[in-house]
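Take a look at the structure set out below.
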Amino acid sequence: MDSSNDEALDIIITNVVATFRTRCHLNLRTIALEGINVIYKPDMGKVLMKLRKPKITASIWSSGKIICTGATSEDDAKVGARRLARTLQKLGFKVRFSAFKVVNVLAVCSMPFAIRLIDFTKKNRPIASYEPELHPAATYRIKHIKATIQVFSTGSITVTGPNVQNVASAVEQVYPLLFECQKPRCK
Amino acid sequence: MSSRVCRTCGGADIDVDQARGSAVCTGCGSVLEDNIIVSEVQFVEGSGGVSSAVGQFVSAEGPVKAPLLGSGFHTSVGKESRAQTLQGGKRHIQQLGSQLQLNQHCLDTAFNFFKMVVSKHLTRGRKMEHVIAACLYLVCRTEGTPHMLLDLSDLLQVNIYILGKTFLLLARELCINAPAIDPCLYIPRFAHMLDFGGKTHEVSMTALRLVQRMKRDWMHTGRRPSGLCGAALLVAARMHKFRRTVKDVISVVKVCQTTLRKRLTEFEDTPTSQLTIDEFMRVDLEQECDPPSFTAAQHKVKMQQLEQELVRKLDEVEGEISCYKDEIETELEKSRPKLRGIYAAYSKEIDPEDAEVLSSTSEPEEPEVGDAELQAATQHLTQNFLCQVIQEEEGRDKKTEAGPEKESLGPLRQVAPLDVILGKLTTTTCLDLNKSPDEEQSESGVLELDDIDDQEIEKYILNEQEVQVKTELWMKQNEEYLKEQEEKEERIKKEKEQGTYKEKKKKKKRMTKGEQVEALTAGEAIEKMLEKKKISSKINYDVLRDLNRGGEGGSGPDPPNTLTHKPLTRRRRNKTSEANDLAANASIIGKRFRRLISTTTRKKRKTSSSQVENSVTMTTQTTTTDTTAPPPEPEPISAPTLAPPTVEEEEEEEVEDECVSALQLVGDYGCEAEEEEVF
C-alpha cells in the first residue's frame, strides 16, 4: 500500500523477524555437527543456522524456540521457517511447527524531499524526539499501531512495526507531517 | 492574612501583626497563629550593639522530618522510606550539580524533577545515579546551559547511550519538552577552554557566525553539535591568527579527528568557504546548500556513470588484454598440477563452460581452475595486469581516482567465477570436505508443502562421511571449551563426593573488608589475616604454614630477662633480639604466635651466617625453647629456604616486620592483644 499521492512511494521491506516453536527439545550439538551452514555458540547456548533460499538466519535454542531473521516478506519468513523445521525433522528430531508469529518488520522508505528535523520535532512534541548527541535521526513513535519511525534529514525514513500492514499505515500517517516540514532541494 | 473565626469566642475580628508574625483575636485575646512566615526583614539589637535579623530557619524538606509515629504508623513507615529516597537524591544532585557548576536554582529544579520521577515510580529498576544524571541533564536542557550529556557521562563513567535512554524516557514520562540543542550554546564554553586571552569574545563571535552559516548550509541536522562547534572554532581561531591545532580542538570538544576533518571538508564544499575573511564578516550569501549527504549521493551517481564509461573503454582495450590472457593460460596449463579422480572430470567440464562465459561477458578473464588456490593466484595475476592497464588509462583519461575503477572491475571480474562455482560445484564451501556427488539422491519422504524442495534440504544435511570430518574439525576448534567443560564436570563430581558441592558458583565472592575474623588468640587472628590478605607476594605461605605447624612441639616460657637489654642495638641483630623479647612477651599471649616468631628467628639464624655467633647468646634462650620443636622439621624447610636465600630473608623480614609490629604493640600495651592495629 502506497501513500495516496501523485508519486508512489516505494516502501521496501528489508527485514522480517519471526519466531516459532518446535515443541520438542533439540540437541544443539547434533545440529552443529550434522548441519551445513551452522555456527554453534556454546556461550550463548544457541546455534545459528543460515538458509540460502529464503535468505534467513535462524537462532535455535535447545528448548525448541527458534527466531528467524533476514526474510524480505512475511510469506518468505513463513516458508523459511517451515524449511528450517523440515531440516530439523530430517536431522532426527520430532519437530512440530507451532506458534509461528511475525514479531517485527523493518521497512525503508525514501521521501523525495529533505526534512527539517528541528521543525518536525517542534511540531510533533512529545510524540517525536530528536537528540543529535545520541542519534542523527528523529524518532516518531505511534503508540496505537505500535510503530516507530526514524526520520533522517535526507528524507529517508525507516519504519519498524509488528506487521506489514502497520508499517504501511504508519508511513501513510507520517507522510503529511513530513510534507509540512520539508526542505526543497536547492540544486 | 488569616481572616478566620476565632476558635474560642467565635469573633471574626483578628489582628494580624506582620512584624511579630502573630495573629491575635481582639475579642478574647487568644493567639491564633504564631510565627507566621513573613516577607519582612526585621533587625533586633542584641547585647553589645550587635544587630541580628529576626527569624527562624525552616527546613527545605518541610514537615517530612517529623512523621507521626503511633497513630499513623503504616503511613509513617512508607513516608520514612520515601523521605530517605528524596533526601538521598537531593544529596546526589547537590554533589553532581556542584561538579558541573550549576547554580542553586538549577539544582532545585532538578530536585523537583526528581520528586516527580519518584512519585511516578520511574526509579524502580534503574540505577539511582542514572536517574539523577538524567534529571540534571533535563534541567540543563530546559535552562539552556552549555552542558553536554557527554560531560555527565564523563563524570559518572557511564555509557552515554545508557544515560541518553534514561533521559529520553524521563522526558517522555514527565512530558517535558526539552528544546533542541543549539550548537551556538556551546561556543562560548569551548572558546573559553581554548584560551584565546583577550580576544576570546571576538573569536566566539566569528565562530558563531560560522555556525549560523553552517546551519543555513544544512550541515548541522543529524550531527553532533560539538563537532560543528569544533570546526567553527578551529576556523575562527585561524582567522584571528591563533595557532590551534586539530588536536587541541578535539581535546576540548571531545570529537574524533576524523569527524572534525570531515566537517571542515564539508564546509569547504560550500560556497561560503570561497569568501575572504573580510567578505565573510560583512556579507551573508543568500544561497543555501543541500545537506552533505545529498551531495554525496550525487557524487555516487556521477561515479556510477563514470564506471559505465570505463567499462565501454575497457571493451576497446580488451583486444590488447586478450593476448595477455592467452599467454597466462598457457603458462598456467604448464604449471597446473594434474587433477586426479573426480576432479579431473570437473575440470574438463569447467573448460567448455569457461569458454562460453568468456565469450559472453567479453571480459578479460582468468582461466578457470578447479583448485581454489590456483584460482586465487590467477586472480591476483590478472589483477596486477589490470592495474597496469588502469594506470595507463589514467594517464589518458586524467582520472583522479583509481578506486572506483578497481571496484568496478572487481565485481565484474568476480561474476564469472561465481557463476561457474554455483553452477557446477554444489553448495559446500568447507575446505576439506569431500564433495560427494551423491547429493542428488532425494528422499521421497512426506512433503509438507509443495514449495519446499526436499532436494535442497537434503543438501543441508551432511552425510556420514561429512559428519565425521566435521566432527573432527569441530572438536579441534572447540578443544578449549570442551576441556573446560570436562574439568568442570570432574570438579563437580569430586565435590559431590566430598559433600561440599554447591549448586551455583556463578556469583563471585566479594572481598568484604568488614569480615570479622574469629580467632581465639591474637596469634590465630594474625595468622588468619595473613592467610586471607596475602599481603606480600614474596612470602611463601605454604612454608609459613608448615612452620606454624612445625612449631607445635610446645615451648616453655621464655625468660623475661631478654626484655631489657636489647632494644638499644640497631641492625638486623636488633630485630632478632626484639623478636626474642617479643617472643618472650608472646608467651603471655599465645603459644602459636610465639612459635611462629621463634621458628622464623631460627630460620633467619640459619640463613644469615654473620648473625649466628652474635645471636647465639641471645637466642640461646629461644633455642632452649625450640629444642623441643622437632629439629628434622625445620631442616627440610631450610633446604628450600636456603635455595633462594636473599628472597627468603626479605620474606622473613616482612613477616617479621608484621609480627614485630604486632608484638611491639603487644609489648607496649602489656597483655592486650590488639588485633586490629596489626593490620
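Derivation of every value follows stated rules applied to the coordinates shown; laboratory data play no part. What you are looking at is a predicted structure, and each value in this text was computed from that prediction instead of being measured. Glycine also receives a Cβ, built like all others from the backbone with ideal geometry; neighbour counts cover every protein chain displayed.
Just checking the output field for B:221-228: average partner chain Cβ neighbours within 10 Å of each residue's Cβ? Write out the running numbers ahead of the final one.
Working: counts 14, 11, 4, 4, 2, 2, 1, 1.
Mean partner shielding for this stretch: 5.
Between A:D75 and A:T148, how high is the FRET efficiency from 1/(1 + (r/R0)^6) when r is the Cβ-Cβ distance and R₀ = 22 Å? Nearest 0.05.
After rounding, the FRET efficiency stands at 0.40.
Would you please put B:476-482, A:43-49 in order of how densely packed they are, using the mean number of other Cβ atoms within 10 angstrom per residue and starting with the highest?
Those peptides, ordered most packed to least, come out A:43-49, B:476-482.
Starting from the Cα of B:I162, move 7 Å in the Cα-to-Cβ direction to define the label point; list residues of region B:101-142 whose amide nitrogen is under 20 Å from there.
From region B:101-142, the list is B:122-138.
Which whole-Hz couplings ³J(HN,Hα) result when phi for each residue of region A:151-165 is put into the Karplus expression 6.51 cos²θ - 1.76 cosθ + 1.60, θ = phi - 60°, listed in order with x for Gly and Pro?
Once θ is set to phi - 60°, the couplings for region A:151-165 become 9, 9, 6, 7, x, 8, 10, 10, 10, 10, x, x, 7, 5, 4 Hz.
Sequence-distant or interchain residues sharing an amide H contact under 5 Å with A:L9, placed H: which?
The answer is A:S3.
Anything over 27 Å Cα to Cα? Flag those among A:K123/B:K165; B:K483/B:K532; A:K146/B:K254, in the order listed.
B:K483/B:K532; A:K146/B:K254
Between region B:188-218 and region A:165-179, what is the C-alpha centre distance in whole Å?
When both Cα centres are located, 40 Å separates them.
State the extension gain, in nm to one decimal, for the chain segment bounded by B:E143 and B:D278, taking 0.36 nm per residue of separation less the distance between their alpha-carbons. Spell out each step's value before the answer.
On the way: separation 135, 0.36 × 135 = 48.60 nm, distance 3.50 nm.
Taking B:E143 through B:D278 to full extension adds about 45.1 nm, to one decimal.
Order of B:44-52, B:275-283, B:234-242, B:204-212 by packing, highest average Cβ count within 10 Å first?
B:204-212, B:234-242, B:275-283, B:44-52
Give me the extension gain from B:D17 to B:D108: residue separation times 0.36 nm, minus the current Cα-Cα distance, reported in nm with one decimal.
Using 0.36 nm per residue and subtracting the Cα-Cα distance, I get 29.6 nm.
Calculate the mean, over all residues of peptide A:126-137, of how many other protein chain Cβ atoms lie within 10 angstrom of the residue's Cβ.
6
Computed over the Cα atoms of region A:111-183, what is the convex hull's projected area averaged over all directions, in nm²?
Over all viewing directions, region A:111-183 projects a mean Cα-hull area of 4.5 nm².
Take every residue in peptide A:38-47, count the Cβ atoms of other chains within 10 Å of its Cβ, and give the average of those counts.
Whole-number average of other-chain Cβ neighbours for A:38-47 is 1.
Taking the Cβ-Cβ separation of B:K241 and B:D154 as r and a Förster radius of 41 Å, what is the calculated FRET efficiency to the nearest 0.05?
So the FRET efficiency works out to roughly 0.80.
Can you find, among A:I127, A:G35, A:Y140, the residue sitting farthest towards the positive end of the charge dipole of chain A, where Lys and Arg contribute +1 and Asp and Glu -1 at Cβ?
A:G35
At 7 Å along the Cα-to-beta-carbon direction for both B:Q95 and B:K533, put a label point, then send me their distance in nm to one decimal.
2.7
Taking R0 as 51 Å, what FRET efficiency do you get between B:K496 and B:C323 from their Cβ-Cβ distance, rounded to the nearest 0.05?
0.10
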